[in-house]
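Asks: The structure follows.
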Amino acid sequence: MTRPIRPHGSKRIFRFLRRSKKDVQSDVREEFAFHVDMRAEDLRREGLSESAARDQALREFGNVARGIDACVREDIGIERRRSLSRFATELRQDVRFGLRLIGRNRRFASVAIATLAIVIGGNAAIFSVINALALKPLPVNQPDRLARVYSGESQMSWLNYQDLRARSTSFEDMAAHASAMRGLTRGDTTVRAMGEVVTTNYLTMLGVAPRLGRPFTPADTRTDVVVLSDRVWRTRYGSDSRIVGRWITFDNARYEVLGVMPAGFRGIRPPGLVPEFWVPVDSSPANGVLRDRKKTAFEVVGRLKERRDFAGAQAEMAVLAKQLKADYALDDQFTVMAVFAVDGLGGYRGVSNVMLPMFLFVGLMTIVSGLVLVVGCANIGGLLLARGAARRREIAVRLALGAGRGRLIRQLLAESFVLAVIGGSAGIMVAWWLGDMLNLLATRLPFPIEFDLTIDRWMVVYTFGLALVTCLLCGLTPARRATRLELVSALKDDDPGAVRQRFRQVLVAGQVTLSCLLLLWSGLFVRSLLNVQRIDPGFDPTGVVVANIVVDDDRQAIAVAPELLARIRAVPGVQSAALSTVVPLSLTGREEHRVHPDNVATDTRGPWVVANRVTPGWFETLRIPLIAGRDFQTSDGPGAPLVAIVNETAARMFWNGQAVGRRLDDFEVIGTVRDSKYWTLGETVRPTVYTAFMQRPFSEMNLNVRTTDLAGTTAALRSEMRRVAPDVFVEIKPLTAAVAVAIVPAQVGAMLTATFGALAAMLATMGVYGLVSLTVAQRTREIGIRKAIGARTIDVVRLVVRGSMTLVTIGLAAGTVLGALGARALGGFIVGVSPIDPLTISATAMLVVGTVLIASALPALRAARVDPVRTLKSE
Amino acid sequence: MGDSTLGLLQGTVDLLILRALQSGPTHGYAVSRWVRERTEGVLTIEDAALYQALHRLEGRGWIEAEWGLSDNNRKAKYYRLTAAGRRQVRAEISLWKRYAEAVFKVIEPA
């Protein structure tokens, strides 16, 4: 009655693929039809007529349509479950298979995983910086409702802030904050701490709970309280959990610690700069700065009311600003009135000129690390390709037995998938480590820079996504190639085919191209670093001590300065001493203005200049030569006509070099000095305006002392300061140390590009080595024959090396051209080197050719040493 | 259904099908004929319900189906018990026996 369909207990070799609904329906119909036909036949045999038999069969069957529906529904469910479980089983099989393959081939696996860990880790580390800079939300409560009320380059005065806050209807609340620097004393040592003076509602408005204690609130009226940042708490107080309630010394005044903010909290500052403390604004009547509408010192932030938007708030603020401007004749304030989001890239508005180079650099590093990734990919792809070639026969057998090509490809990709998971995990760890290194590097800078490089969801998604895409791209072509073969020739084990070889050659040539490009760039950065170190800053920092002094206000500055200078000049060894507000190249402070040469009123606002305020003798102390006119004198004091000195660049730009006697806004130009660098060594000198410190005092001043005895003067300075102003914090260091930070950006650039360049070169060398080893292995017989008929070792080596040299030449040429083209984009980062610097190019070329020579000569030598008789016999 | 045939209790159809397949793989028509012959026409399953049950049993993994050729060389769908199905049929038979014995004990005079 039945016929066995396949031997009992055997497994199905071929399965139905998942059937469509239509197939299922027609199957059920056919099954039913068969039944009805059979029954009708039986009934006819029992004597019924043809049509009666059929009628009865159908009657017995019952509701055909409903039966079909029910069966089809059931079958579709079966199909779905079956294909799902088949997929799961196959996936499990594939992953297990991939793991086994990797386990069996330890060397391949460790090379591939190490490569992945490094290239993925490098990329992930760069991404973590981008993530910290632009993607991570500001760590405060509802950052998207916070708005900066931005009133142009100048900040806002206390009274204006108070008026805006009182009149505004768009904000739930507004708060003001200002940067502040304090000397934090602990035991005998005092260090500089950078923090913020804020209104008492600032911390509560941001809505972040402290990790310890409490923030100050609008109810607090005391001003001798402080909230510390996590970093200060960790580094200066050893994470002391009993810090709350303790008194600490700030600028020789005592403050009670109220709380410690959580790690990563930075108020509403853009990423990077983390304030180290927050103290309340002293709004007592004694604080004169707050009573003067012209003293702009504050930045303002507001939390939007529900159902209010930024545009509406901006419109309202513009109207209020116009009123204030008119009421109080504030011509130079509220040049802009903008309201924008604090969160996201909006947070960079107003500081973009400082942050732009950073963004460009991060962008450049993204490109560089991406290129290294591609080079690493080519290696992994090459390895997988070689593996595919080696397993050609096995694959051919399986294809011939009827294995689906898709399934085989998936199986080969499973290996890539397993690699991706392992490589991605390793990459995350590498990125984590690199992030730590980066933050460690940042501690060398003179301000509290810390990036939140903790691994978040985006990091994980990015890293594993990258690893997966990388591995699948690496694995797909080899897998497709491995399964697309001429069965017969593969089974007969003919020559693996020149095509695959050529693909690997292209890969290797591409690797050489990219690593050449990267080496070229890193060469330019290194050369630039060397140049930067040789660049003449325009002043002489050796033999100068700088003391950074922060006093309460401008009045105290004027009061302290003359006596201080007189006492210091009397110290033995001191040659000259002067005050300045800015220490050039120290990255600690800068001042920028728009000016109007000759007071010409133009429609456009005047050109930008950088500025410094100095006392007489400052140019002499820093050995900046006076070119024309005179230096400031003691007579250029408060009440005397305002005077200014400009640098050569300003004189040339504004007055064709003849600056002395000309007017610049309210100032008369009395002298011209030689150009010197202001912010970075690599910059082109900017027009610079020096004004007399005593005419335009500032509470943060730097005492510059030229001396023959650095140590002695430092000690003397300390004791003198204690005598003149006992409660003022002073930070003293040699000017050479202060300006050393100016080369940090160049160092970081050179270090990063050199690391990535070296990495790329190493990966490319591995690629060349792998390719040559494979080629040599495939040509063992040929080499044997050559040796048998008299070729010498050197001939064989030359034969092999010649082959790889062609590739290298192509790669080198392409890399140099691309590198030189790309280097134009580096213009802003490299100093004093042409993008097509012949020295760099030739050094790169020699390096690449040298390493490739070694990488290909080694396997060639090994092949040439093999005894020809043995080679020929083994075949 | 005439007077001489009995309606089937829920679950009985499944048992009958599984029992029919115990003697080897076969198609739905053979199952239907086997039931009719073994019960001498007392129990009849409406064919549409039989097929629904077959597909349901396949869904549960007790039987599996494959196309094959019938004795008269027509394409027919053959069902066979799976290992799970064989276990199931043994379990259900013993359950039925215990059930029937209990019922008999109740209805037969002691």
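Asks: Which of the residues that make up the stretch A:274-312 are over 29 Å from A:Ala263 (Cα atoms), open to solvent by less than 50 Å² (accessible area, probe 1.4 Å), at pLDDT below 85 and within 38 Å of the chain's Cα centre (by Cα)?
Replies: A:Thr296
Asks: Is one or more of the residues making up the stretch A:230-242 touching a His at 6+ places or on another chain (Cβ under 8 Å), under 27 Å from A:Met701 (Cα atoms) and among the β-branched types (Val, Ile, Thr)?
Replies: no
Asks: Of the residues that make up the stretch A:218-235, is at least one on the phi > 0 side of the Ramachandran plot and in contact with a Lys or Arg (Cβ under 9 Å, 6 or more places away or on another chain)?
Replies: no
Asks: Of the numbered conditions (1) modelled with pLDDT under 85; (2) open to solvent by less than 30 Å² (accessible area, probe 1.4 Å), A:Leu419 fails exactly one; give the number of that condition.
Replies: Of (1) modelled with pLDDT under 85; (2) open to solvent by less than 30 Å² (accessible area, probe 1.4 Å), only one is false for A:Leu419: (1).
Asks: Now for a separate question. Would you list the helices (runs of 4 or more DSSP H) that sit entirely within chain B and hold 3 or more residues that are within 14 Å of another protein chain (Cβ to nearest Cβ), without any contact (Cβ under 8 Å) to a residue 40 or more places away in the chain and open to solvent by less than 40 Å² (accessible area, probe 1.4 Å)?
Replies: In chain B, B:28-38, B:47-60 are the helices (runs of 4 or more DSSP H) which contain 3 or more residues that are within 14 Å of another protein chain (Cβ to nearest Cβ), without any contact (Cβ under 8 Å) to a residue 40 or more places away in the chain and open to solvent by less than 40 Å² (accessible area, probe 1.4 Å).
Asks: Now for a separate question. Between A:Arg686, A:Arg674, A:Arg718, which is of a type in the set (D, E, K, R), more than 37 Å from the chain's Cα centre (by Cα) and closer than 19 Å to A:Ile645 by Cβ?
Replies: Result: A:Arg674 is the single residue among A:Arg686, A:Arg674, A:Arg718 that is of a type in the set (D, E, K, R), more than 37 Å from the chain's Cα centre (by Cα) and closer than 19 Å to A:Ile645 by Cβ.
Asks: A follow-up question, please. Within the stretch A:783-833, can you find the residues that are outside any helix (DSSP H, G or I) and modelled with pLDDT of 80 or more?
Replies: A:Ile789, A:Gly790, A:Ala791, A:Arg792
Asks: For the stretch A:196-209, does any single residue satisfy the condition of being over 24 Å from A:Asp343 (Cβ atoms) and assigned to a loop (DSSP other than H, G, I, E, B)?
Replies: no
Asks: Of all residues in the stretch A:75-108 being polar (S, T, N, Q) and part of a helix (DSSP H, G or I), which is nearest to the other protein chains (Cβ to nearest Cβ)?
Replies: A:Ser85
Asks: Picking from A:Leu642, A:Leu664, A:Leu626, which residue would you name as being among the aliphatic types (A, V, I, L, M) and in contact (Cβ under 8 Å) with a residue 60 or more places away in the chain?
Replies: Answer to the selection: A:Leu664.
Asks: Sort out which residues of the stretch A:611-654 are acidic (Asp, Glu) and in a loop (DSSP other than H, G, I, E, B), and write them in order of number.
Replies: Across the stretch A:611-654, the qualifying residues are A:Asp631, A:Asp636.
Asks: Got a number for residues in the stretch A:244-268 being part of a loop (DSSP other than H, G, I, E, B), surrounded by fewer than 18 Cβ atoms within 10 Å (Cβ to Cβ) and in contact (Cβ under 8 Å) with a residue 12 or more places away in the chain?
Replies: Qualifying residue count for the region: 5.
Asks: Of all residues in the stretch A:71-84, which are aliphatic (A, V, I, L, M) and open to solvent by 20 Å² or more (accessible area, probe 1.4 Å)?
Replies: Across the stretch A:71-84, the qualifying residues are A:Ile76, A:Leu84.
Asks: Out of the stretch A:160-195, which residues are assigned to a strand (DSSP E or B) and among the hydroxyl-bearing types (Ser, Thr, Tyr)?
Replies: A:Ser179, A:Thr185, A:Thr189, A:Thr190
Asks: Given the residues A:Arg234, A:Arg222, A:Arg186, which is the only one that is open to solvent by 40 Å² or more (accessible area, probe 1.4 Å), of a type outside the set (S, T, N, Q) and within 19 Å of A:Glu450 (Cα to Cα)?
Replies: A:Arg234
Asks: Could you list, ordered by first residue, the pairs with Cβ atoms under 9 Å in which the first is in the stretch A:55-74 and more than 7 Å from chain B (Cβ to nearest Cβ) and the second is of a type in the set (Asp, Glu) and in a helix (DSSP H, G or I), at least 6 apart or interchain?
Replies: Sorted first by the residue in the stretch A:55-74, then by its partner, the pairs are A:Ala57/A:Asp37; A:Ala57/A:Glu41; A:Ala57/A:Asp42; A:Ala57/B:Asp47; A:Val72/A:Asp27.
Asks: Related question: Among the numbered conditions (1) in contact (Cβ under 8 Å) with a residue 12 or more places away in the chain; (2) open to solvent by 80 Å² or more (accessible area, probe 1.4 Å), tell me where A:Arg792 comes up short.
Replies: (1)
Asks: Can A:Ser856 be described as part of a helix (DSSP H, G or I), over 36 Å from the mean Cα position of the chain (by Cα) and under 20 Å from A:Ala761 (Cα atoms)?
Replies: yes
Asks: Something else: Within the stretch A:667-682, count every residue that is without any contact (Cβ under 8 Å) to a residue 60 or more places away in the chain and buried (at least 16 other Cβ atoms within 10 Å of the Cβ).
Replies: 6
Asks: Hey, could you check the stretch A:27-54 for residues that are more than 12 Å from chain B (Cβ to nearest Cβ) and among the charged types (D, E, K, R) and say which is least open to solvent (accessible area, probe 1.4 Å)?
Replies: Within the stretch A:27-54, the match that is least open to solvent (accessible area, probe 1.4 Å) is A:Arg44.
Asks: Name the residues in the stretch A:276-329 that are assigned to a loop (DSSP other than H, G, I, E, B) and touching a Phe, Trp or Tyr at 6+ places or on another chain (Cβ under 6 Å), would you?
Replies: A:Arg293
Asks: Here is a check on your reading of the model: is A:Pro616 touching a residue at least 12 places away in the same chain (Cβ under 8 Å) and exposed (fewer than 14 other Cβ atoms within 10 Å of the Cβ)?
Replies: Answer is no for this residue.
Asks: Picking from A:Phe61, A:Phe87, which residue would you name as being closer than 29 Å to B:Gly61 by Cβ and loosely packed, with under 15 Cβ neighbours inside 10 Å?
Replies: Of A:Phe61, A:Phe87, the one residue that is closer than 29 Å to B:Gly61 by Cβ and loosely packed, with under 15 Cβ neighbours inside 10 Å is A:Phe87.
Asks: Within the stretch A:702-722, does at least one residue satisfy the condition of being in a loop (DSSP other than H, G, I, E, B), among the small types (Gly, Ala, Ser) and either farther than 30 Å from A:Arg555 by Cα or modelled with pLDDT of 90 or more (or both)?
Replies: no
Asks: More than 24 Å from A:Thr542 (Cα to Cα) and either open to solvent by 30 Å² or more (accessible area, probe 1.4 Å) or of a type in the set (Ser, Thr, Tyr) (or both): does that describe A:Arg623?
Replies: No, not satisfied.
The values are calculated or read from the model by the stated rules, or taken from the named source; none is laboratory data. Remember, predicted model here, so these are calculated numbers, not experimental data. Every residue, glycine as well, gets a Cβ built from its backbone with ideal geometry; the counts of neighbours run over all protein chains shown. For the accessible areas, the whole protein counts, side chains as well, though only heavy atoms, and no ligand, DNA or RNA atoms are used. Shrake-Rupley method; radii C 1.70, N 1.55, O 1.52, S 1.80 Å.
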